[in-house]
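Have a look at the structure below, then the notes.
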Amino acid sequence: MPILASLRCVNLFSSFPSKPPPKDATTSPPSTSPPIPIPRYSPPKPKFNPNTVPPNPKKPQPNPNPNPALKLPHRQTHYYKRVKPGVVSSDGDRTVLVGESGVSYQLPGAPFEFQYSYSEIPQAKPVAIREPAFLPFAPPTMPRPWTGKQPLKKSKKKIPLFDSFDPPPPGKKGVKYVELPGPYPFGKYPKESHTRKEILGEPLKKWEISMLVKPMVSDNRQVNLGRDGLTHNMLDLVHTHWKRRRVCKVKCKGVPTIDMDNVCRRLEEKTGGKIIHRVGGVVYIFRGRNYNYRTRPQYPLMLWKPAAPVYPKLIQEAPEGLTKEEADDLRKKGKSLLPICKLAKNGVYTTLVKDVKHAFEGSSLVKIDCKGLHASDYKKLGAKLKELVPCVLLSFDDEQILMWRGKNWKSMYPEGPAIPQNFDTAGGLEGSETVRSSPKMMSLWKRAIESSKALLLEEINLGPDDLLKKVEEFENISQATEHSYPALVLSSEDGTSSSTAEYDESENYSDGDIYPEDDIDDGDDEYYDSGPLVPIGSLPVDQIAERLRRK
């Protein structure tokens, strides 16, 4: 700083020169690339205007009439079209119908109208559809069944086809087991059959049913029937099981189990088999003695699940027989009502209708707890209870079904006779006031009287001695009735006894059709009299043995 101060005419704060110094051509600044590359975007494409720009002749034009199945609206779209009973759409002989059984599909040569579900059909007629009416089957112009993939190359190996009537030879490797037809009585053989009666053949005996069902009880090879009930593709699945087994096991869970009779009826009607055993939600279907897998009925498969149609609302503000104010009062009372049961998800509800009917005997309102179930499940349960009980649905609030028994409700039990109050055995009736007993109690008394476990006294004014005498007489009669069993012995002319068992085709097998081996009681004999109760040789069995001994 002292040096700068000694200089003359030096301005330390002078401005910069107005012109920059000339650049030297020999020296060039170093070229450095930016740290982040600058992106290069393609120019925006011009918008296509069909009025101004002519279409490209080389570009393939779209088909003006595409298949409506390719224009399936999304599930979130609000497609709604009102329909009336009758034909909705048709393509030659292939039609879509709307009737009492919902939406059905009619194909040429089909034995019946196809539906997505054959068992879960509401009684109410559909109001509208949620998608365009088209068939969910493969088009008829396909040269092969639709699989969604390209056709495989033709195999060089010649694979033989085997069925029940043409089984593979024993010991052949690489062939799955094919179940032979049968069982057959001694001396009878399989025969070609076409009708359902011919395929089923002779009715099964009880020991044959036990032989067929016993190995299937612990087997997990089964058909699972869920909330959609008996669907169309299950028909082909049942026949696939029948190829390897004579009996197909169907396990039902969820909504369809509330009406198992309907499920069993539909299974027999659509598959052509015979239900030989049923336990809860498990059903065993026999294919028939003369069943042949090669001549089975073959149905086209549905490629997707059709959208369910729109049905009338189940819950109304003013249900039948009630005004809006009365319905609101019943709904308020139902909020403090305790449910009679709680339904589990994917459970078996075979006794639900019976429980609701019993609950209506004591209360006009009944509530069922359905927490944890899908909304569509307990709504379907409510619709079925409305038809089977019957009852009036009030609400589905808080995942609970609230029902009212209705004005035209009738008790399950017959009305009991009038029983006088203040009854005196010595003086008779003291007052004119009478009451009626419980209908359920009267049905129990009636059942006891029919089974000789109770006695109806015709005389009312009985003394203690006469009443004791009546009781002792009835006690002897009831013991004789309880410990006596009817017996039937059929004997031919030569003295040999024979027994025959007949079968009724209309008989429905229940839980007690399979009879296990008799249980052996190893109790002590000290409680029984050691002496003979009747003289030796006087029983009917002794007379038959003596007759056989003589011959």
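Taken together, the residues in the range 88-99 that are among the acidic types (Asp, Glu) and modelled with pLDDT under 85 amount to 1. Looking only at the range 217-233, which residues are surrounded by fewer than 18 Cβ atoms within 10 Å (Cβ to Cβ) and either hydrophobic (A, V, I, L, M, F, W, C) or assigned to a helix (DSSP H, G or I) (or both)? Selection gives Val217, Asn233. Note on the range 324-362: residues that are open to solvent by less than 50 Å² (accessible area, probe 1.4 Å) and among the charged types (D, E, K, R) amount to 1.
Please determine whether any residue of the range 396-416 is surrounded by 20 or more Cβ atoms within 10 Å (Cβ to Cβ), aromatic (Phe, Trp, Tyr) and under 22 Å from the mean Cα position of the chain (by Cα).
No, the range 396-416 contains no residue that is surrounded by 20 or more Cβ atoms within 10 Å (Cβ to Cβ), aromatic (Phe, Trp, Tyr) and under 22 Å from the mean Cα position of the chain (by Cα).
The set of residues from the range 99-122 being outside any strand (DSSP E or B) and of a type outside the set (A, V, I, L, M, F, W, C) comprises Glu100, Ser101, Pro108, Gly109, Pro111, Glu113, Gln115, Tyr116, Tyr118, Ser119, Glu120, Pro122.
Have a look at Ser451, Ser432 and point out the one that is open to solvent by 80 Å² or more (accessible area, probe 1.4 Å) and modelled with pLDDT under 75. Talk me through it step by step, then tell me what you get.
Details: Ser451 fails: open to solvent by 80 Å² or more (accessible area, probe 1.4 Å).
Only one candidate passes the filter, namely Ser432.
So which residues in the range 118-130 are surrounded by fewer than 18 Cβ atoms within 10 Å (Cβ to Cβ) and more than 18 Å from Gly229 (Cα to Cα)?
Scanning the range 118-130 gives Lys125, Val127, Ala128, Arg130.
Of the residues making up the range 325-338, those that are over 15 Å from Leu393 (Cβ atoms) and of a type outside the set (Asp, Glu) are Lys332, Lys333, Lys335, Ser336, Leu338. Taking the range 269-285 as the search range and keeping residues that are of a type outside the set (A, V, I, L, M, F, W, C) and closer than 21 Å to Met211 by Cβ, which one is most open to solvent (accessible area, probe 1.4 Å)? Looking at the filtered set, the residue picked out is Arg278.
The values are calculated or read from the model by the stated rules, or taken from the named source; none is laboratory data. Quantities reported herein were computed from a predicted structural model and do not represent experimental measurements. Cβ atoms come from the backbone with ideal geometry, glycine included; neighbour counts cover every protein chain shown. These accessible areas exclude ligands, DNA and RNA; they are computed on the full protein's heavy atoms, side chains included. Shrake-Rupley method; radii C 1.70, N 1.55, O 1.52, S 1.80 Å.
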